[in-house]
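Visitor: For reference, the structure I am asking about is given below.
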Amino acid sequence: MNDTGIYKAKGFQLFWRTAWARAYPRIVGTFRERSWLFFETLLPVLGTAAYVFVYRAINAPPDYTGFVVVGGAMIAFWLNILWNMASQLYWDKDMGNLELYIISPGPVMAILMGMAIGGLVMSGTRALIILTVSTFLFGVTYQTGSLPLLGAVFLVTMAALYGMGMMFASLFLVSGREAWHISNLLQEPVYLVSGFYFPVKAIGFWGAAAASLIPLTLGLDAIRQLLFTGDPTLGFLPVGMELGILAVLAVIFINGARLALARLEEIGRREGRLIERRR
Amino acid sequence: MKTVGRIMDLPLVRQSDGLRTFITASWLGWQIESNWADPLLFAIYSIARPLAGVMILVVMYSVVTGGAGPEPVFAYIYLGNALYILVGQVITGVSWAVISDREHYRTLRQLYTTPMNGYFYLMGRGVSKLIIAGISVLIVVGIGKIFFHLPLNFAAINWPLFFASTALGIISLAALGLILGSMTMMMARHFWSLGDAVAGGLYLFSGAIFPLDVLPAALRPIGFIFPVTYWLEAARRALLGPQAALFPTFARFSNASLVGILIVFGLVLIVFSSFFYRWSLHRAKEKGLIDMETAY
């Protein structure tokens, strides 16, 4: 509390309050305005269903339906990374919010963290609905392994994934229209290399190894191994090793986000591009 | 721009508001789509998504069958997905023109103060997407022929059936795109997803990547109410000839009946989209939605 009677947060408290302030509209918006349910869950279910029927048309074993359903649910997170993390600061710049973030005392890194927390809740809700509806519709049965390990894999995957999203947000900040096009470009090619609709080992060792830079590749592979234990040949790498690599990726991406943000903010300020609006 | 200027000077074009608007909008659409990157990057961008989309199906197929081959069902899936590139691009292209003009460039109000024909303007904005999608289809089919041994024999292709069905299919798609674009003018939320939602629905129900027979019996009739279903069937038959996989749902349709159905769909959709566009425009103006910037 200062002389004016206004409470002023500092240090970690300022960081946390800023992050929460940015996460708040995403979390509250998810539950307050429910019209998204129609578009943002029906649409992925339709896409998922199409791939399920392809497997049925070629008489694939029933587990493949489960692979598609789990991959289809995880798409919610990837789309959230592309459109609500990576592109977000670019949108904010376009709408005039970014300048408000910059002149406020809250750290921009905390804003990125808030975007990630809010986005995780938002897309987690969507993914859960898609998974539940698709599981029910297509009669998927799971033979689960260790549930605590499954929980750990999911959390570490999300940490790495949203760390990547935070880093992309910083990089996209200096982009113009390219940001939109890059996000658009990173959909189907990533669904392909990360094995959203089939076990990633199908694209070969080196292909899967290169795709492992995208945290969802290993995360999805480990989750499938833990949900469909009936097929021991399914996985690309052992779950423990995938969990370790994901933890390393999480550290790299979150630190990368911090460094990229500082560097690009400096470049943006110097070149006067931080809050310019180009259409 | 010189070429566009020459076309605009043609007597027929000079006399028609609609044609002038259409050509100008086509040129504008092409500039918007392509001028953000150098040609090589733009070409990679244009082909990467559709190619990845079809490769997902190739890998799915090869994982289950042990290697993508020239079996009729593989050709059915591959060609269906390749041709479907046109569906997604044309349908979403027109509705995105409304979104980008209204929300991103914020020029919709200026556009509607000019003497242009709005219906032809939106049609024209879809042309660039059609061109890009057409090139993508050719490349994806070419890759299928070279690398996956699709049973395409250029001498045996029924070209009249292919061109007639594709032209009619594109007319229906453009009209569907216009209907979605008109709906977008009246929407404040979720307009981003409208084109994708319809394209996603058609992907599932039109038998694009699997035969309709695979759908549960109760859902199969949905496929018959969309022109895309008939176009994909006709185009596949034209391209594959006797190699085309025939499934019971379409066995009773002759090639001529498929073309006939597409003509009816085309006419009905063009007339309906024209009325619907006028009604939507009026309603958007009446409700003050025409120049809305939602930042949604």
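The values are calculated or read from the model by the stated rules, or taken from the named source; none is laboratory data. The model shown is predicted, which means the values in this text are computed figures rather than measured ones. Here the Cβ positions follow ideal geometry from the backbone for every residue, glycine too, while neighbour counts run over all protein chains shown. Please note that ligands, DNA and RNA were not included when accessible areas were found on the heavy atoms of the full protein model with its side chains. Shrake-Rupley method; radii C 1.70, N 1.55, O 1.52, S 1.80 Å.
Visitor: Only one of B:188, B:197 is farther than 24 Å from residue B:138 by Cβ, open to solvent by 10 Å² or more (accessible area, probe 1.4 Å), in a helix (DSSP H, G or I) and of a type in the set (A, V, I, L, M); which?
Guide: On the way: B:188 fails: in a helix (DSSP H, G or I).
One residue alone meets the criteria, B:197.
Visitor: Then there's this: Have a look at A:172, A:154, A:136 and point out the one that is open to solvent by less than 40 Å² (accessible area, probe 1.4 Å) and either out of contact with any His (no Cβ under 8 Å at 6 or more places or on another chain) or on the phi > 0 side of the Ramachandran plot (or both).
Guide: Matching residue, one of A:172, A:154, A:136: A:172.
Visitor: In the list B:272, B:276, B:250, which residue meets the criterion of being of a type in the set (Phe, Trp, Tyr), open to solvent by less than 30 Å² (accessible area, probe 1.4 Å) and more than 14 Å from every other protein chain (Cβ to nearest Cβ)?
Guide: So the residue among B:272, B:276, B:250 that is of a type in the set (Phe, Trp, Tyr), open to solvent by less than 30 Å² (accessible area, probe 1.4 Å) and more than 14 Å from every other protein chain (Cβ to nearest Cβ) is B:250.
Visitor: Separate question: Being within 17 Å of residue A:75 (Cα to Cα) and not hydroxyl-bearing (Ser, Thr, Tyr), is that true of even one residue in the stretch A:135-146?
Guide: No: zero hits.
Visitor: Here are the criteria: (1) among the hydrophobic types (A, V, I, L, M, F, W, C); (2) over 26 Å from residue B:179 (Cβ atoms); (3) out of contact with any Leu (no Cβ under 9 Å at 6 or more places or on another chain); (4) open to solvent by 50 Å² or more (accessible area, probe 1.4 Å). Tell me which single one residue B:214 does not satisfy.
Guide: (4)
Visitor: Then there's this: Hey, does the stretch A:89-108 have a residue that's among the charged types (D, E, K, R), within 30 Å of residue B:81 (Cα to Cα) and part of a helix (DSSP H, G or I)?
Guide: no
Visitor: Can I ask one more? Name the residue that is nearest to the other protein chains (Cβ to nearest Cβ), counting only residues in the stretch A:35-79 that are on the phi < 0 side of the Ramachandran plot and polar (S, T, N, Q).
Guide: A:35
Visitor: Sticking with this structure for a sec: For the structure I just gave you, tell me whether residue A:170 is closer than 30 Å to residue A:241 by Cα and of a type in the set (Ser, Thr, Tyr).
Guide: Yes, satisfied.
Visitor: Which of (1) free of Cβ contacts under 8 Å to residues at least 40 places away in the same chain; (2) within 14 Å of chain B (Cβ to nearest Cβ) is the odd one out, the single condition residue A:132 does not satisfy?
Guide: Here residue A:132 meets the rest and fails (2).
Visitor: Ok, one more. How about the stretch B:130-185: which of its residues are assigned to a loop (DSSP other than H, G, I, E, B) and farther than 30 Å from residue B:271 by Cβ?
Guide: B:148, B:149, B:150, B:151, B:152, B:153, B:154, B:155, B:156, B:157
Visitor: Here is a further query. Return only the number of the condition from (1) at pLDDT 90 or above; (2) open to solvent by 30 Å² or more (accessible area, probe 1.4 Å); (3) over 29 Å from residue B:190 (Cα atoms); (4) hydroxyl-bearing (Ser, Thr, Tyr) that residue A:4 does not satisfy.
Guide: Only one criterion in (1) at pLDDT 90 or above; (2) open to solvent by 30 Å² or more (accessible area, probe 1.4 Å); (3) over 29 Å from residue B:190 (Cα atoms); (4) hydroxyl-bearing (Ser, Thr, Tyr) is unmet by residue A:4, namely (1).
Visitor: Look at residue A:30 and say whether it is in contact (Cβ under 8 Å) with a residue 40 or more places away in the chain, within 13 Å of chain B (Cβ to nearest Cβ) and assigned to a helix (DSSP H, G or I).
Guide: On the way: in contact (Cβ under 8 Å) with a residue 40 or more places away in the chain: yes; within 13 Å of chain B (Cβ to nearest Cβ): no; assigned to a helix (DSSP H, G or I): yes.
In short, no.
Visitor: Turning to a different aspect of this structure: Inside the stretch A:44-64, can you point out the residues that are surrounded by 22 or more Cβ atoms within 10 Å (Cβ to Cβ) and either touching an Asp or Glu at 6+ places or on another chain (Cβ under 8 Å) or polar (S, T, N, Q) (or both)?
Guide: A:48
Visitor: Take the stretch A:7-40 and flag every residue that is open to solvent by less than 100 Å² (accessible area, probe 1.4 Å) and modelled with pLDDT under 80. Talk me through it step by step, then tell me what you get.
Guide: Pass one, the stretch A:7-40, residues open to solvent by less than 100 Å² (accessible area, probe 1.4 Å): A:9, A:11, A:13-15, A:18-19, A:21-23, A:25-30, A:33, A:35-37, A:39-40.
Passing the criteria: A:9, A:30, A:33, A:35, A:36, A:37, A:39, A:40.
Visitor: Further question on the same structure: Can you give me the number of residues within the stretch A:139-151 that are surrounded by 12 or more Cβ atoms within 10 Å (Cβ to Cβ) and assigned to a helix (DSSP H, G or I)?
Guide: 2
Visitor: Determine if the stretch B:210-220 includes at least one residue that is touching a Lys or Arg at 6+ places or on another chain (Cβ under 7 Å), at pLDDT below 95, within 25 Å of residue B:59 (Cα to Cα) and not aromatic (Phe, Trp, Tyr).
Guide: yes
Visitor: When residue A:120 is evaluated against the numbered criteria (1) surrounded by 17 or more Cβ atoms within 10 Å (Cβ to Cβ); (2) touching a strand residue (DSSP E or B) at 6+ places or on another chain (Cβ under 7 Å), which criterion, by number, is the only one it fails?
Guide: (2)
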